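Step one of this worksheet: look at the structure below.
The values are calculated or read from the model by the stated rules, or taken from the named source; none is laboratory data. What you are looking at is a predicted structure, and each value in this text was computed from that prediction instead of being measured. Reconstructed Cβ throughout: ideal geometry from the backbone, glycine too, with neighbour counts over all protein chains shown.
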Amino acid sequence: MTEISVCLPSTRIWYDRGLVMVLNVWVGGLCVLLTFFSLFLLAVNVWILRVLNDSTMRERFPKLLRLDGHELPPPIAFDVETPTTLPPCKGSYLSTDNIKAIVLRFLQQYYAIYDGEDRQGLLNIYHDEACCSLSIANVSGQNPARSSLGDYFANSRNLKRLREPRDLSLRFKLLKHKRLNVVSFLNELPRTQHDLNSFVVDVTTETNTLLCFVVNGVFKVEGQSSDPVRAFTRVFIAVPGNEAGLLLVNDQQFIRNASTDEIRKAFATPAPTPSSSPVPVVPPVPQDMVQAFSQHSGMNLEWSQKCLQDNGWDWEQSVQIFMRLKTERKIPDIAFIQ
């Protein structure tokens, strides 16, 4: 009797399916393992960066106890402390000689009015749609209204102290908008005397139609006998005005108590006078040349003068630059409005 061996197809199919399932489980487990390994490496990298960052900050600030929201481990140090000094403060950054002349001349004119008896003259310096705000340092553990900066407390827009719901409206109320409101607000502030020699000026943004610069310095409040020196940081954003001047569209001022070193150096040298001013003397504008360039280019007088000034009053170079920018369509339409 002959035996017949039969291989059922279903047995082969189940064998293949089982093998595929085993492979899928193995591959899936490998992917999970790689994912956990990647997360482990990421956590290690974050930990290393945090340790390096903490150690770097500890080198600069040995007594630092908290950084980025987490407590630092107690510093390991000997009884003898090694003095750590901060990097020296650099001087002003004024990108070009032309910008330097414009900004320094503007600051002299501005603070001559601001430190005067009547600040109404600032109406010619602010844009019609100008904004202005003032804030003071948040003194912990002390009533700001009774601190040495109490004269500025009522107008301070320091958002860190606006915690109650009723105070949230102050963030809008204390933002002065429109030229008349801005100058009226500035006119109500205490009378001051600024030390122009203490000014450190940094130009942060510079375009053909906008200039942003930051001023740091010290000033005295008139009529105060105790601790009269204050320090300030002021951010000005300006646009071109008439007669190659500037119009302020935004003015943000921050006032704090001056440091011991700032008080020691304040008003050590007399303020510059017009005859001894470090601001370069700007020659008078040749109006006939501006008129001729305006007729040649079709631009108005303001933009014609700007084009000539930017090119050192070189006629040929100004014409070449004008033609190139006009061909590239980089001159705004406002330049041709008479």
Checklist entry - Are there any pairs, at least 6 apart or on different chains, whose C-beta atoms fall under 6 Å, with the first in the stretch 185-200 and touching a residue at least 40 places away in the same chain (Cβ under 8 Å) and on the phi < 0 side of the Ramachandran plot and the second buried (at least 19 other Cβ atoms within 10 Å of the Cβ) and of a type in the set (Gly, Ala, Ser), and if so, which? => result 195/266; 198/217; 199/217
Checklist entry - Any residue in the stretch 193-207 that is within 30 Å of residue 335 (Cβ to Cβ) and hydrophobic (A, V, I, L, M, F, W, C)? => result yes
Checklist entry - Out of the stretch 120-134, which residues are without any contact (Cβ under 8 Å) to a residue 12 or more places away in the chain and more than 13 Å from residue 180 (Cβ to Cβ)? => result 121
Checklist outcome for this item: Residues of the stretch 293-314 being farther than 18 Å from residue 102 by Cα, at pLDDT 85 or above, not in a loop (DSSP other than H, G, I, E, B) and not hydroxyl-bearing (Ser, Thr, Tyr), in sequence order, are 293, 295, 296
